[in-house]
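The structure appears right after this line, and notes come after that.
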Amino acid sequence: MMEMTKKTLSGLRYEDFRSECEGCPTGLYVLRNESGMEVCLTNLGGIVLSVMVPDRDGNMDNVVLGADSLEKAGTLARDWYIGALIGPVAGRILDGKFRVDGKDFALPLNSVPNTLHSGDAGLHTVIWDAEQTADNSVCLRYRYKDGEAGFPGNMDISVTFTVTEDNALRIDYHATTDSPTLFCPTHHGYFNLDGIKKPMSSIENHQIEIDSDFYLPTDINTNHTGEILKVEGTPFDFREMRTIGERIGDNHIQLQYGKGYDHVFVLRKHEPKELTHAARLRSRHSGRVMDVFTTEIGMVMYTGNYLDGVEGIDDAVYTRRCALCLETQCFPDTPNNLHFPSVELLPGNEYSQTCIYKFSTEP
Ligand code: BGC
């Protein structure tokens with residue numbers, strides 16, 4: 001009952017997320033650190049609803065696309081994956097077909113001719129068990145039964161969200177399985193460092209630096225061709241800080257196929273699963289900066305090319321390119337590109353991944 005009267009900095013209300021679906025309770029989970037950063041999320045889809053961080057003058061704004069009710073959060077996650085956890089396998093699988101342990105599997109196609117983000121029973125749609133272990137941390141757990149989302153194996157998955165004292169949102173993933181399967185999750189937050197408000201600004205004005213020398217090109221259906229190309233001399237070269245909008249409209253076939261940036265950047269690693277810096281996003285307008293760190297070899301930069309004016313939080317309208325995703329993960333469509341690193345998860349092995357979105361400001 002205490003919760004009912006407590007207020008969140010973002011303005012989200014506990015009662016708008018309290019419900020029950022097939023015996024599983026849902027709720028709003030609020031994480032805070034000592035300096036006042038606040039993250040709200042719900043255990044439906046593990047959806048991050050708001051991330052409140054200061055601008056250069058100390059004003060707090062929400063910097064992620066979110067939703068102000070459970071119903072809306074569910075709809076935005078189903079249609080646009082807004083703020084949600086993605087899995088078991090992020091990205092597209094050509095024809096939804098894959099082979100594990102000598103057996104063939106076929107997933108329903110939700111983005112013909114592909115299965116995108118594991119389809120309609122992906123992690124973005126499930127109700128997770130949630131345990132808030134501290135003011136700044138919540139652990140979500142979910143067990144996929146063998147075949148539940150079309151993937152083999154009973155998979156025990158946990159994802160812990162933590163707001164750290166240095167103003168970061170840290171996401172730790174773990175998973176085990178009892179028979180060979182595929183596992184390659186990500187988080188699908190859409191960021192705009194100038195804040196989610198009416199009217200939304202465009203992330204074409206943001207600047208980004210990505211620690212990547214190569215990217216993965218796609219075909220017209222945004223399936224990976226299997227090639228790994230140099231960024232040098234292309235609009236994909238973000239080795240130095242560049243404005244996102246500067247080359248997004250260039251006459252480059254990959255930008256046409258993606259309707260903008262919607263590509264995997266290959267990150268530099270000395271060792272597999274090394275936690276390294278992946279990207280720095282900044283807005284000169286608000287002075288906010290976001291550094292991304294990951295244990296994964298890939299990061300999708302998706303510039304919100306398909307958002308088309310859906311209504312969100314605080315009367316904001318989520319229009320094309322009003323926010324961007326930086327999704328850390330292994331390469332997508334590994335079953336159809338056998339030279340890519342494997343995302344097979346075997347019994348007896350434990351999967352782990354860490355992703356950190358760290359916020360700061362510049363003068
Ligand atoms: C994909 C886009 C897709 C979007 C859905 C992104 O992760 O790369 O191609 O349209 O998710 O919102």
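Rule-based calculations on the coordinates, nothing more; no lab input. Note that this is a predicted model, so its numbers are computed, not measured. Glycine gets a Cβ as well: all are built from the backbone with ideal geometry, and neighbour counts include every protein chain shown.
Couple of notes before you dig in:
- Remark on Ser50: its backbone amide H falls under 5 Å from those of Cys40, a criterion applied only to residues 5 or more positions apart or on other chains, H modelled at 1.01 Å from N.
- This model, with +1 at the C-beta of Lys and Arg and -1 at the C-beta of Asp and Glu, gives region 260-341 a dipole about its Cα centre of some 440 debye.
- 5 angstrom amide H check on Val310, placed H, neighbours 5+ away: Tyr318
- Computed from the Cβ-Cβ distance with R0 of 45 Å, the FRET efficiency linking Arg56 to Asp95 stands at 0.40.
- Euclidean distance of C-alpha centroids, region 339-361 and region 94-111, integer Å: 21 Å
- Dividing the convex hull volume of the alpha carbon atoms of region 6-103 by its residue count gives 164 Å³ per residue.
- Going from the residue with the fewest nearby Cβ atoms within 10 Å to the one with the most, Arg99, Arg56 rank Arg99, Arg56.
- Counting neighbouring Cβ atoms within 10 Å and putting the fewest first, the residues Cys355, Cys40, Cys139 line up as Cys139, Cys355, Cys40.
- Annotation: amide H-H contacts under 5 Å for Ser111 (H modelled 1.01 Å from N, sequence separation of 5 or more, or interchain): Leu116.
- Additional length obtainable on full extension of the chain from Asp120 to Ile220, 0.36 nm per residue less Cα span: 33.7 nm
- In summary, the convex hull built on the alpha carbon positions of region 2-187 has an orientation-averaged projected area of 11.3 nm².
- Every helix of 4 or more DSSP H residues in the chain counts as -39500 (n - 2.57), and over all residues that averages to -1500 deg cm²/dmol at 222 nm.
- Two-site label geometry, Lys145 and Asp314: point separation in nm, points 7 Å out along Cα→Cβ: 4.2 nm
- When only alpha carbons of the chain are considered, Rg and Dmax amount to 19.2, 59 Å.
- Placing pseudo-labels 7 Å out from each Cα toward the beta carbon at Arg284 and His339 gives an inter-label distance of 4.1 nm.
- Overall form of region 162-298 per C-alpha gyration tensor (a/c, 1.5; a/b vs b/c): oblate
- Coupling constants for region 57-65 follow from the phi torsions by the Karplus curve (6.51 cos²θ - 1.76 cosθ + 1.60, θ = phi - 60°), and in residue order they are 9, x, 6, 8, 9, 7, 10, 10, 5 Hz; glycine and proline get x.
- Take each peptide in 121-127, 310-316, count the other Cβ atoms within 10 Å of every residue, and average; sorted highest first, the result is 121-127, 310-316.
- Computed from backbone phi with θ = phi - 60° and the Karplus coefficients 6.51, -1.76 and 1.60, the 3J(HN,Hα) list for region 187-204 is 10, 10, x, 10, 9, 9, 6, 8, x, 9, 8, 9, x, 6, 8, 9, 6, 4 Hz; x is used for glycine and proline.
- With Cα atoms defining each centre, region 43-89 and region 173-234 are spaced 17 Å apart in the structure.
- In order through region 39-44: 3J(HN,Hα) via Karplus (6.51 cos²θ - 1.76 cosθ + 1.60), integer Hz, x for Gly, Pro: 10, 10, 8, 10, 7, 6
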